[in-house]
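Nothing in this text is a laboratory measurement; each read-out follows from the coordinates by a stated rule. All values derive from a computational prediction rather than experimental measurement. Positions of Cβ are generated from backbone atoms using ideal geometry, with glycine treated the same way; all protein chains shown enter the neighbour counts.
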Amino acid sequence: MEISTLEREVWKNRTRRYFFRRAAMGLGIPALASLLNPKAQARQAGLPGLPHFAPKAKRAIYLFQSGGPSQIELFEHKPALKKYEGVELPESVRMGQRLTGMSATQSSLPIVPSRFPISQRGASGAWVSDLLPYTAKVADELCFIKSVYTEAINHDPAVTFFQTGSQIAGRPSIGAWLAYGLGADTEDLPAFVVMISPGQGGGGQPLYDRLWGSGFLPTKYQGVKFRSVGDPVLYLSNPDGFTGEDRRVYLDALAELNQRRLAEVGDPEIATRIAQYEMAFRMQTSVPELTDLSKEPPSTFELYGPDARKPGTFAANCLLARRLAERGVRFIQLFDRDWDHHGNLPQGLPKKCRDTDRAAAALITDLKQRGMLEETLVIWGGEFGRTVYCQGRLTKDDYGRDHHPRCFTMWMAGGGVKPGLSYGETDDYSYNIVSNPVHVHDLQATILHCLGIDHTRLTYRYMGRYFRLTDVHGQVVKDILT
């Protein structure tokens with residue numbers, strides 16, 4: 001009969017316990033104390049044998065643009081669309097591909113070209129919209145993947161797919177997989193940190209904590225969400241009348257009780273709880289220092305823009321991402337919301353670009369100036385793209401675009417990817433891929449590869465089978481690697 005991972009761990013821990021209890025002269029007692037010493041577990045160790053090969057990147061920063069940025073306005077040069085404005089999307093292009101419930105009932109699907117100028121940038125000649133003037137300046141540092149695709153057509157399964165490798169909730173997130181496989185490179189901060197910026201509109205699709213959760217992995221690998229109001233992490237401050245010394249005494253007593261319980265039942269989640277309490281204690285010192293931007297020079301805020309002084313903005317989170325990377329955090333994920341432009345795109349999209357363009361480019365520049373870009377993989381993109389046809393009523397001044405999973409653009413920079421490269425191609429309508437398709441699992445496999453991981457070998461046994469981030473799919477996109 002198949003036993004679960006938890007049952008197996010309980011059995012192994014009980015076996016150790018019985019051995020130590022029977023060991024002569026109390027030999028097992030110091031060994032058990034060493035195993036359970038929270039200070040010995042301060043830095044989470046990775047799996048034996050990882051990384052599988054020499055990594056190009058030591059860490060990753062993922063700038064996730066939640067809602068689906070329009071590739072047509074931002075990165076696609078499709079001049080032929082001008083002559084087709086208002087014309088019905090040909091069935092020879094759509095080929096019966098499914099529509100969302102928001103477009104399926106429209107009487108027509110009129111083509112609408114971008115209303116914004118786009119130009120080739122830098123020596124690489126990458127196409128970048130005038131909506132992204134700062135990104136345009138660093139285009140030669142970026143690798144544009146213009147042929148990303150997904151099967152998911154609605155937000156929640158699409159975001160879940162990018163974060164966990166499955167459209168169905170419950171799997172470990174990519175950051176949790178990296179923390180599990182590679183461990184932490186710092187003793188005083190988590191291996192995996194998450195920050196969310198709502199954007200100026202304050203709307204957008206909901207983002208659930210499971211998107212940075214550990215799934216069936218031990219909970220110590222889940223992402224820690226930093227907040228912009230109050231303590232950056234909940235309950236970081238001591239209550240009034242409770243000193244740091246009091247906290248230390250309290251945690252030591254609590255650790256002793258937890259260790260006794262762990263010796264009795266062998267539940268590995270108790271060991272996680274012990275380690276996380278110790279991490280929280282160290283974060284009481286490390287996080288205030290991290291989030292104190294007073295020592296950053298004026299040139300930093302000139303680079304990232306005035307929003308970098310406002311907690312919770314995308315710019316402030318980009319600056320914190322650089323500071324987290326400096327301090328050894330393995331995976332840093334920024335979620336920026338409100339990219340979902342079903343209507344009012346000519347007004348809404350420029351606002352989102354103003355929110356994010358300068359800071360994203362500044363992060364690339366800042367990392368390069370500090371000699372960190374070569375060892376830091378930066379990823380930018382959303383869960384899908386937008387349709388070439390108009391959702392809703394097309395007018396002279398207004399239009400919207402529906403979800404489009406068939407092709408969209410993401411960019412990567414830094415550790416392990418070729419700068420100044422545009423990879424993949426779509427048709428004249430930015431509707432189908434004509435060369436070098438890159439699936440979600442391919443992208444995930446490539447990210448892991450840059451960090452020294454063979455995605456087929458980073459697995460975890462659960463419910464009778466071995467799981468991995470890329471499930472049974474995924475090919476490393478070797479053409480974009482250095």
Exercise. How much of the calculated P(r) for the chain lies past 30 Å, in percent of all Cα pairs?
Worked result: 49
Problem set entry | For the range 212-357, alpha-carbon Rg and Dmax in angstrom | 19.7, 63
Seminar exercise, completed: In the range 335-482, taking the dipole from +1 charges on Lys and Arg beta carbons and -1 charges on Asp and Glu beta carbons about the Cα centre, the listed residue (343, 462, 420) farthest towards the positive end is 462
Problem set entry | Which of 189, 122, 92, positive extreme of dipole for the chain (C-beta unit charges) | 189
Exercise. Based on the alpha-carbon gyration tensor of the range 249-293 and its eigenvalue square roots a ≥ b ≥ c, which shape applies: rounded if a/c is under 1.5, prolate if not and a/b is larger than b/c, or oblate?
Worked result: oblate
Problem set entry | Expected 222 nm ellipticity per residue - DSSP helices of 4 or more, -39500 (n - 2.57), all of the chain, to 500 | -10500 deg cm²/dmol
For this session: Please sort 452-461, 64-73, 472-481 by packing, taking for each peptide the average over its residues of neighbouring beta carbons within 10 angstrom, highest first.
Result: 64-73, 452-461, 472-481
Problem set entry | Cβ-derived FRET efficiency at R0 35 Å, residue 106 paired with residue 166, nearest 0.05 | 0.70
Seminar exercise, completed: Per the charge dipole of the chain (beta-carbon charges, Lys/Arg positive, Asp/Glu negative, Cα centre), the residue among 429, 451, 410 reaching farthest to the positive end is 451
For this session: With a point put 7 Å past each Cα toward its Cβ, work out how far residue 234 is from residue 295 in nm, to one decimal.
Result: 3.0
Seminar exercise, completed: Measuring from its Cα centre, the chain shows a charge dipole (+1 at each Lys and Arg Cβ, -1 at each Asp and Glu Cβ) which, in debye to the nearest 20, is 980
Problem set entry | Residues of type aspartates and glutamates that residue 58 reaches as a straight line, Cα spacing below 13 Å, ignoring anything fewer than 8 places off in the same chain | 185, 326, 374, 375
Seminar exercise, completed: If each part is reduced to its alpha-carbon centroid, the range 329-344 and the range 347-402 end up apart, in Å, by 9
Problem set entry | Unit charges on C-beta of K, R, D, E only; dipole of the range 203-303, Debye | 300
Seminar exercise, completed: Treating only Lys and Arg (+1) and Asp and Glu (-1) as charged, each at its beta carbon, one finds that the range 350-468 has a dipole about its Cα centre, in Debye to the nearest 20, of 340
